[in-house]
Structures are given as structure tokens and as C-alpha cells.
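*Asks:* I have a structure I would like to understand better, so I am pasting it below and will then ask my questions one at a time.
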Protein chains: 2
Amino acid sequence: MLKLTKRTEYGLIALTHLAQRQGEVVPAREIGDRYPIPRRLLAEVLKDLCNADLVASTRGAHGGYALVRPAQELSLGEIVSALEGAPTVSSCGDGDLLHGEHSCDVQSICPIRSPLVEIKDKIWQMMLTTSLASLAQPHKPYRPLASQTQVNGSVKSSIESP
Amino acid sequence: MLKLTKRTEYGLIALTHLAQRQGEVVPAREIGDRYPIPRRLLAEVLKDLCNADLVASTRGAHGGYALVRPAQELSLGEIVSALEGAPTVSSCGDGDLLHGEHSCDVQSICPIRSPLVEIKDKIWQMMLTTSLASLAQPHKPYRPLASQTQVNGSVKSSIESP
DNA sequence: ATTATCGGCACTACTTGAGTGCGGATTGAT
DNA sequence: ATCAATCCGCACTCAAGTAGTGCCGATAAT
């Protein structure tokens, strides 16, 4: 439904926390204590981040995790990709990203294939160009984009559903 | 997992088809015949689009569906919103959008709440500013946004309309 | 040794997505 | 009036993905 998973959410929280202690080795317990995240799940998430080489783990007592790169050099895209795979947006034409399959049966005649791929790429691009650091810091007042319009200015109030 | 559903995919195909016959009333069967989309599901999708006032239905023999507005004035955002609800991206801070709930237990201390909302809004904005018409036509080579920015700058950019 | 920590396997429960069936209501053609 | 094509609405199954948990072994500092 076009949303990120809890795993990603937890991962971002954890990474943000690690970013604040850059250079230090932080145990998962510390993070679990600070935020209402199930310990066990947090461990799963950190494991995935570790396998993706976004964080490094140290075992044993006084062990824990640490960012392998500074937060400015960690993109949201890498994080999301590590925790839930690269976004697909559509089941069409994503063969090259993950499983190398081109099995979309609609593909050959699908009139929206490439545009959908384009949308996916736009979202993906945005994620690749957004750093963890920019997420971690308190940021500028949000400028709602909605007001500026588009297409034809309609946009109605859309956004609400029954 | 950050992807659009089949419903949306089918909806886009159907709408694209309707766009090609603007002004005419097209029965669902015709669309079902042309693309490998389960009839029954297609009907569901068209019903939703109808309830969202994106298409108008005509009942009885020779009945069918037609776009309510020209494709240039139909945004991808409206379509997605009609078929799967507005994108949330995160379970945090979306209270005002769908169920009016602010139940995210991480919310109060969550260090990434507002950035995640911002990401959601960026994606949403892109969808609101992308018209059905631009999806329907074979389109221009993709110009990545990457180059221009990032991290916490505003990336506004792109978002092209037809 | 003891203790704190990560690592891996496997499992349950819940939610969502895809797809289907059936009968009813509406409307045009015969 | 009848028939056929079409939309309408409810409710249901089946599969897949998400959230979360349990257990125990491996490491390493004390």
C-alpha cells in the first residue's frame, strides 16, 4: 500500500541513534531501552543492516553496533533496500532490480509499464539522494507542497478516504 | 513494501484505455478482453474509481465507463488515493490523513517522525503532479533528479507534467 | 566461570492482497 | 413483455507478507 514497514521505521530510529554516537559501539539494548521497540525485532533489523554492511557489529560483552560510514554518506535508499528490498512500485519491469525476473504477463502490451517504472525510479532516486543525516537532524519547517498545484489545480481535498 | 498494488496497476491500465476513447462509454468487458486482467477484479477497481468520481458509469445494455475529466486533469495521486488510500509511508504521524488516529506509540519521542512524513509528502506531491495523460503517452527519456540535490535541500525539481 | 552481547533457526498470529461467486438492478433491443 | 448486456453489492477463500516471539549457541570482557 505504498508504505514503509515497521522494520524500516525501527531501522531508521536505530541508525539515527547510532549516528548520534558516531564512533562508539552501541548495544542494541540501549536502543531498545530508549524507544518502544520490541528488543527481539530490533535485533532482527540490526542484523539485516549488518548483513548489508551499513553497520558493523562487535560481539561479546561490551559489544554492539556502530555505523560503518558517517550518516551523511548513508542514503535512505540503501537503508530501505537493506530492510525491505528496493521499492518496486509496480510488479512490471522490475526484473533488473531484485530477482531478475521479467514475468509480468501484462508486460508486453501493458500501456503503463514504462511510466510506472519511471515513477518507481523517481521515488527511488529521491531515497538515494536523501541521507540519514538529513533525517536525523531536526529540520526546517515543513513547506507543504500541496498548495502549489499542479496538473490543473484541482487536487481537490483528495487525500481523504471514507 | 513500498509498492503499488495490482488494483492500482489495473486501474491505470483501465483509465489509460478510457483516455484513448475519451468521450465514449466503454464497457468493462472491452478492457478485460484487451488485457490479461481478471474481469471480476477489473469491475471492482472500476467501481472504486467510480465511487471516487474519477469515472462515470452508465448502466444497462450499452453501458460502461467514461472518464469524468480529460486525462490531463487526472492526477496519479487521485487515482492511487481512490484505489488504495493516500500513501502513508510510515505509520507515524499520518493520523490526519486516514483514520484520524495519532496512536503511534513511538511518536512523541520518535526522532524520525517528521522526516518520514516529509518523504511521504514528497512522493505524494510527485503523484499529485503527474497526470494520467503523461502516463498514457509514450514518454520522454527519463531525467534523473539525482544530480540536483539532495540530502536536505529541497529537491523540488522535477515533477513534470505533460 | 560468569555475564552481556550478537547470531541463527523456526515458529505463531495477524493483516493485506489477489481473486472469485452469486444474485440483483438497470437499460436497450427485439 | 422478454431477453440480453451491463453495472452493483455483499461476502468469501486463498496466498503472501508483516509483526513479533522463543530458544539456544557463539563470543568476548571481567
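*Asks:* Out of the residues in segment B:21-67 meeting the condition of being basic (Lys, Arg) and closer than 23 Å to residue B:80 by Cβ, tell me which one is nearest to DNA strand C (Cβ to nearest atom). Even if it seems obvious, please write down each step before you answer.
*Replies:* Here is the first cut: in segment B:21-67, the ones basic (Lys, Arg) are B:21, B:29, B:34, B:39-40, B:47, B:59.
Filter once more, so that each one left must be closer than 23 Å to residue B:80 by Cβ: B:21, B:34, B:39-40, B:47.
Numbers: B:21: 18, B:34: 16, B:39: 7, B:40: 4, B:47: 10 Å.
Taking the candidates together, the pick is B:40.
*Asks:* So, residue B:73, is that one of a type in the set (Asp, Glu), within 15 Å of DNA strand D (Cβ to nearest atom) and either surrounded by 20 or more Cβ atoms within 10 Å (Cβ to Cβ) or touching a residue at least 24 places away in the same chain (Cβ under 8 Å) (or both) or not?
*Replies:* Details: of a type in the set (Asp, Glu): yes; within 15 Å of DNA strand D (Cβ to nearest atom): no; either surrounded by 20 or more Cβ atoms within 10 Å (Cβ to Cβ) or touching a residue at least 24 places away in the same chain (Cβ under 8 Å) (or both): yes.
Considered against the rule, which asks whether it is of a type in the set (Asp, Glu), within 15 Å of DNA strand D (Cβ to nearest atom) and either surrounded by 20 or more Cβ atoms within 10 Å (Cβ to Cβ) or touching a residue at least 24 places away in the same chain (Cβ under 8 Å) (or both), residue B:73 comes out as no.
*Asks:* Separate question: Could you tell me how many of the residues in segment B:76-85 are crowded, with 21+ Cβ neighbours inside 10 Å, within 16 Å of DNA strand C (Cβ to nearest atom) and of a type in the set (Gly, Ala, Ser)? Spell out how you get there, then give the answer.
*Replies:* Applying the first criterion (crowded, with 21+ Cβ neighbours inside 10 Å) to segment B:76-85 yields B:76-83.
With the extra rule that they be within 16 Å of DNA strand C (Cβ to nearest atom), the set shrinks to B:79-83.
Cutting the leftovers down to of a type in the set (Gly, Ala, Ser) gives us B:81-82.
Of the residues in segment B:76-85, 2 are crowded, with 21+ Cβ neighbours inside 10 Å, within 16 Å of DNA strand C (Cβ to nearest atom) and of a type in the set (Gly, Ala, Ser).
*Asks:* It is to be established whether one or more residues within segment A:3-15 are in contact (Cβ under 8 Å) with a residue 40 or more places away in the chain, among the hydrophobic types (A, V, I, L, M, F, W, C) and within 9 Å of DNA strand D (Cβ to nearest atom).
*Replies:* yes
*Asks:* Scan segment B:74-85 and tell me whether some residue there is closer than 24 Å to residue B:3 by Cβ and at pLDDT below 90. Spell out how you get there, then give the answer.
*Replies:* So in segment B:74-85, the residues closer than 24 Å to residue B:3 by Cβ come out as B:74-85.
Okay, now just the ones that are also at pLDDT below 90, so B:84-85.
Taking every residue of segment B:74-85 in turn, at least one turns out to be closer than 24 Å to residue B:3 by Cβ and at pLDDT below 90.
*Asks:* A further question on this structure: I need the full set of residues from segment B:55-66 which are more than 6 Å from DNA strand D (Cβ to nearest atom) and either facing another protein chain (nearest Cβ under 8 Å) or surrounded by 23 or more Cβ atoms within 10 Å (Cβ to Cβ) (or both), in order please.
*Replies:* B:55
*Asks:* Sticking with this structure for a sec: Could you tell me which residue of segment B:35-49 is farthest from DNA strand D (Cβ to nearest atom), considering only residues that are farther than 18 Å from residue A:117 by Cβ, modelled with pLDDT under 95 and within 11 Å of chain A (Cβ to nearest Cβ)?
*Replies:* Within segment B:35-49, the match that is farthest from DNA strand D (Cβ to nearest atom) is B:36.
*Asks:* Okay, moving on. Considering only segment B:22-34, state which residues are surrounded by fewer than 17 Cβ atoms within 10 Å (Cβ to Cβ) and within 13 Å of chain A (Cβ to nearest Cβ).
*Replies:* Initial filter on segment B:22-34 (surrounded by fewer than 17 Cβ atoms within 10 Å (Cβ to Cβ)): B:22-25, B:27, B:29-30, B:33-34.
If the condition is that a residue be surrounded by fewer than 17 Cβ atoms within 10 Å (Cβ to Cβ) and within 13 Å of chain A (Cβ to nearest Cβ), then B:33, B:34 are the ones that fit.
The values are calculated or read from the model by the stated rules, or taken from the named source; none is laboratory data. From a predicted model like this one, the values you see are computed outputs, not experimental measurements. With ideal geometry, Cβ positions are generated from the backbone for all residues, glycine too; neighbour counts draw on all protein chains shown.
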